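The values are calculated or read from the model by the stated rules, or taken from the named source; none is laboratory data. Owing to the predicted nature of the structure, the values given are computational and were not obtained by experimental measurement. Here the Cβ is made from the backbone with ideal geometry for all residues, glycine too, and neighbour counts use every protein chain on show. Areas reflect the complete protein model, heavy atoms only, side chains present, ligands, DNA and RNA absent. Shrake-Rupley method; radii C 1.70, N 1.55, O 1.52, S 1.80 Å.
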Amino acid sequence: MIETFFKAGTLNSPAAFLASLLIGIAFGVALEKAGFGSSRRLAGIFYFRDMTVLKVMFTAVVFAMLGICYARAFGWVTLDNVYFLHTVYGAQIVGGLIFGAGFVMSGWCPGTGAVGLASGKIDALVFLLGAVGGSMLYNELHPILAPVFDGDRGVVFAYETFGVSEARFAFSFTVIAVLCFWGSEYLEKKRQGRGNLWGTPFLAVFSAVLIVAASGLFALEGYEERPAPRSAMPVKETMSLQAVQAVPDHMGPRDLADRMLSGAPFLKLVDIRTPEEFEQFHIRSAVNLQVEDLAQVLLPHKNKGLVMLYSNGTDRGAQARDDLFRQGFKNVSFLTGGLEGFLNVCLKPVSLRTAPVTPDAAAKINAWRAFFLVS
Amino acid sequence: MEENATPQAKTSKALLNPYVAGLLLGATLLAAYLILGTGLGASGAIARLGAHLELQLAPARTLAGDYFGRWGDQPLKYYLVFMVAGVFLGGLVSAFLGRRFAVKIERGAKCARQKRLLLALSGGIMAGFAARLANGCTSGQALSGSALLLTGSLIFLICMFGGGYLTAWFVRGQWDD
């Protein structure tokens, strides 16, 4: 079984930086060899002239999707090893539309822009400078735009949204991709008649392999659903079961601080103290909720991602967590030691500590302080 | 077709079959998920470069900020920064080996340089801004998030193409030959 850098909380360690660099090199080679060092080619899809972007992207998405499904089914990797982006409808709709407009205007996107720059394209350099500027612009406007993220739905899978099984959705997605491939080849043949793959044995075999691989998901899924004692089929547990089991019922201050420092993936932090106490100080990114409102307000987060409760000490958080658990929330955890423990363990300056602190621990404390005590 | 095309560009080697290139990209994405536990990403690194620049100019203000501030005083010590450095290196090696490296402004023969660069700049600003709003770009959302079948990422993918097709007609002149 694999433990990812993300799971281990070491995404920002030198080993992960090296792995990222190597994966980045493969990423860059794949993009360049696809011809994405050219803005003309990238923009081609928007004029139905050159459909390479669609072919490459959909092939990659389908391949990785199938690979992850099988890796999970064979028990190589579990859900808690993977970082899932949240769904925020407003942000992704508006962001997607603006991004697409920027894409067709410039002929670049951030990843291909880096490859374009490496290919000597001056327009790619100008694009990247613009994108740095656009990020800075967002930073300035973030306080105004932040309310968009109140609509954060947590981790939402499209098959849940459509109310179908994962296998069925993944299979349909694969079929749509294959149809798009054939449509693209046909379009290119009609538009330019240049060497294309319409009707070739290659495309037929390629399409068949993808569809057969996607059909295999039904077999895996059927097996999963068969009622059997878990010990008899350890590798066939469903994804959601493993995810739920992976949620600890409590978490220590160091663990929480490290998780948040590494980007706070799918973590919803809830402060259950009084609004006055919350105003005075709270852990970064926390929202203030009263115990009686928890079940209702947290409904969108039910069994999605990790909800973390804290109070001043351990007890109220633990109690609120148990109440939610009884109401079917299997993804709630509480902070042991509460906020007081968190302040003592993580944020107390090294100079004020009575126990000796190793240089490593001191560096960690300073990193936490820098992260949690700004602003 | 393209002005300034160097002799190398004319003799450039053939590109990969797009489906093979897609498999290569998909295998890279799968490796990222199995090794790092995250997908691929690019815009995050660009934003971190922005945060780094702002830190040089106004450290206190940047650290106090709600967005760049959360990345601390060393925003470049981040895995995606290394990933994009890799993308550049991989692209550079591949472009040289494929004899596709050529310093030029890519545009239609009838399009003025300034117009093309202005469009590249404004498109860059929009893409950089939108990638922060949507928490990802073509790599992080459209590619990586879609492979996990995340609703928000698939919506981003659809809206990205929607926004592109809606705008395409207005900027088509830059590719006129």
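What's the buried accessible area, both sides, between A and B using a 1.4 Å probe, rounded to 100 Å²?
Approximately 10800 Å² gets buried when A meets B.
Ignoring ligands, DNA and RNA, what percent of the 1.4 Å accessible area of the range A:310-359 is carbon and sulfur?
Details: 1420 of 2550 Å².
Answer for the range A:310-359 is 56 percent, counting heavy atoms of protein chains only.
How much area per residue is accessible in the range A:143-199 when the probe is 1.4 Å and only protein heavy atoms are counted (Å²)? Intermediate values should be presented prior to the final figure.
On the way: 3180 Å² over 57 residues.
So the range A:143-199 comes to 56 Å² accessible per residue, rounded to a whole number.
What are the aspartates and glutamates whose alpha-carbon lies under 13 Å from the alpha-carbon of residue B:115, with same-chain residues fewer than 8 places away excluded?
A:123, B:106, B:176
Using the Cα centre of the protein assembly as shown as the reference point, and only Cβ charges (+1 on K/R, -1 on D/E), how large is the resulting charge dipole? Debye, rounded to the nearest 20.
Charge dipole, the protein assembly as shown, about its Cα centre: 1840 debye, nearest 20.
³J(HN,Hα) across the range A:275-286 via Karplus (A = 6.51, B = -1.76, C = 1.60, θ = phi - 60°), whole Hz, x for Gly/Pro?
Karplus values, whole Hz, x for Gly and Pro: x, 5, 4, 4, 4, 5, 7, 8, 6, 2, 6, 6.
5 Å is the cut-off here: which amide hydrogens, built 1.01 Å from N in the peptide plane, fall below it relative to residue B:78, excluding neighbours closer than 5 in sequence?
none
What whole-number value in cubic angstrom gives the convex hull volume per residue for the C-alpha atoms of the protein assembly as shown?
Given the Cα convex hull of the protein assembly as shown, per-residue volume reads 155 Å³.
Skipping prolines and chain starts, which residues have an amide H placed within reach, meaning under 5 Å, of the one on residue A:334, given they are 5 or more residues away or on another chain?
Amide H neighbours of residue A:334: A:250, A:251, A:309.
Choose one of A:61, A:15, A:4: the residue whose Cα lies farthest towards the positive end of the charge dipole of the range A:1-91 (beta-carbon charges +1 Lys, Arg; -1 Asp, Glu; about the Cα centre).
A:61
In terms of modelled amide H atoms, which long-range or inter-chain residues lie less than 5 Å from the amide H of residue A:268?
A:306, A:307, A:308
So what is the relative contact order for chain B, in percent, with contacts set as C-alpha pairs under 8 Å and at least six apart?
31
For helix A:52-73, report the angle its Cα long axis makes with the longest principal axis of the Cα atoms of chain A; keep it between 0 and 90° and round to the nearest 10°.
With rounding to tens, the tilt is 50 degrees.
Can you pull the percent of chain B's accessible area that's carbon plus sulfur, 1.4 Å probe, other chains left in place?
67
Can you list the HN-Hα couplings for the range A:204-216, worked out from phi with the Karplus curve (6.51, -1.76, 1.60; θ = phi - 60°), rounded to whole Hz and with x for Gly and Pro?
So the Karplus estimates, Gly and Pro as x, are 5, 5, 4, 4, 5, 4, 4, 5, 5, 4, 5, 5, x Hz.
Give the carbon-plus-sulfur fraction of the accessible surface of the range A:31-134 in %, rounded to a whole number; probe 1.4 Å, heavy atoms of protein chains only.
80
Could you name the aspartates and glutamates whose alpha carbon sits less than 14 Å from that of residue A:348, not counting residues in the same chain fewer than 8 places away?
Here the aspartates and glutamates satisfying the reach criterion relative to residue A:348 are A:340.
Which entries of A:33/B:104; A:7/A:268; A:7/B:77; A:121/B:13; A:33/B:110; A:7/A:55 have Cα-Cα distances beyond 24 Å here?
Going by Cα-Cα distance, A:33/B:110; A:7/A:55 fall outside the 24 Å limit.
At 0.36 nm per residue, minus the direct Cα-Cα distance, what do residue A:290 and residue A:255 gain on full extension? Give it in nm, one decimal, please.
10.2 nm
Take the Cα of residue A:48, step 7 Å along the line toward its Cβ, and report every residue of the range A:174-204 whose backbone nitrogen sits under 14 Å from that point.
A:183-193
Keeping every protein chain present and rolling a 1.4 Å probe, give me the accessible area per residue for the range B:3-159 in Å².
About 38 Å² of surface per residue is accessible.
Angle, helix B:113-133 long axis vs. longest principal axis of chain B, Cα atoms, 0 to 90°, nearest 10?
Between helix and principal axis, roughly 30 degrees.
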